[in-house]
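The values are calculated or read from the model by the stated rules, or taken from the named source; none is laboratory data. Note that the structure is predicted; figures quoted are calculated from it, not measured. All Cβ positions, glycine included, derive from the backbone under ideal geometry; neighbour counts span all protein chains shown.
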Amino acid sequence: MAGPDPDDGGYMKVALPKCQKTSLRQFRVAVKLKDAESDVDGEYADQLQGLVDRLAKAGAKVKEAAPDIDTARLNDVYIRMLRAATSARMPDSDIEDWKQAFAAGEKEKFLEQSVDGVTMTHRRWLQLNNERHQIRLKFNAFFRDYDILLCPVAA
């Protein structure tokens, strides 16, 4: 996901530092297989647990740990900002349909987040973006102690 857009002509370069670790024994692996805000399919969780077990057996330093982040709030900020970012290509009629459905009493959380995202003021967007940056700082702090966070990607 990092790197130049092909339309930018190739002038931008991303040079990631070379990993200095040469064996799994050198890796600090944080594991978070469950979250109160998100159900995880049992078969998928079993596969992840199997990976955790293999990493530990191979000598990786494995510990149950997670960033100090409210995952419900993380998801809420993400959805609202995503809907704001993708709203420019939405037809006005779709936005009006969402607003009418919400006003008529359809109170599904995703619909509420979507309506807020496509109608928020710039000031509100700046506030959410600031909150997003605070969450990023918490992730940065967490990854001073761990190399990897092993968790379900899509619950």
Helices (runs of 4 or more DSSP H) completely within region 91-151 that count 1 or more residues being of a type in the set (D, E, K, R) and within 30 Å of LEU24 (Cβ to Cβ)
122-142
Step by step: first the residues of region 124-155, then only those that are surrounded by 13 or more Cβ atoms within 10 Å (Cβ to Cβ) and among the β-branched types (Val, Ile, Thr), then the one that is nearest to the chain's Cα centre (by Cα). Which residue is that?
ILE135
With respect to the numbered conditions (1) under 17 Å from ARG80 (Cα atoms); (2) among the hydroxyl-bearing types (Ser, Thr, Tyr); (3) touching a strand residue (DSSP E or B) at 6+ places or on another chain (Cβ under 9 Å), which one is the sole condition not fulfilled by TYR146?
(1)
Residue check: is LYS13 in a loop (DSSP other than H, G, I, E, B), farther than 21 Å from TYR146 by Cα and among the charged types (D, E, K, R)?
yes
With the requirement that a residue be of a type outside the set (Gly, Ala, Ser) and either surrounded by 11 or more Cβ atoms within 10 Å (Cβ to Cβ) or more than 21 Å from ARG124 (Cα to Cα) (or both), what does region 80-96 give you?
ARG80, MET81, LEU82, ARG83, THR86, MET90, PRO91, ASP94, ILE95
Scanning region 130-153 for residues that are closer than 30 Å to SER23 by Cβ and among the hydrophobic types (A, V, I, L, M, F, W, C) gives PHE139, ALA141, PHE142, PHE143, ILE148, LEU149, LEU150, CYS151, VAL153
Filter result for the condition that a residue is within 14 Å of CYS151 (Cα to Cα) and modelled with pLDDT of 95 or more, over GLN26, GLN49
GLN49
Single residue of region 97-122 satisfying the filter (loosely packed, with under 14 Cβ neighbours inside 10 Å and within 21 Å of VAL77 (Cβ to Cβ)) that is modelled with the lowest pLDDT
LYS107
Taking region 91-114 and the residues there that are among the hydrophobic types (A, V, I, L, M, F, W, C) and without any contact (Cβ under 8 Å) to a residue 24 or more places away in the chain, the one that is nearest to ARG80 (Cα to Cα) would be LEU111
Near pairs, Cβ below 9 angstrom, 6+ apart or cross-chain, from region 127-148 (under 16 Å from ASN75 (Cα atoms) and in contact (Cβ under 8 Å) with a residue 12 or more places away in the chain) to any residue that is in a loop (DSSP other than H, G, I, E, B) and of a type in the set (A, V, I, L, M, F, W, C)
LEU128/MET120; ILE135/ILE69; LYS138/ILE69; PHE139/ILE69
Filter region 1-28 for residues that are on the phi < 0 side of the Ramachandran plot and either touching a Leu at 6+ places or on another chain (Cβ under 6 Å) or among the small types (Gly, Ala, Ser) (or both) and give the result.
ALA2, ALA15, SER23
Any residue at all in region 60-70 that is at negative phi and assigned to a helix (DSSP H, G or I)?
no
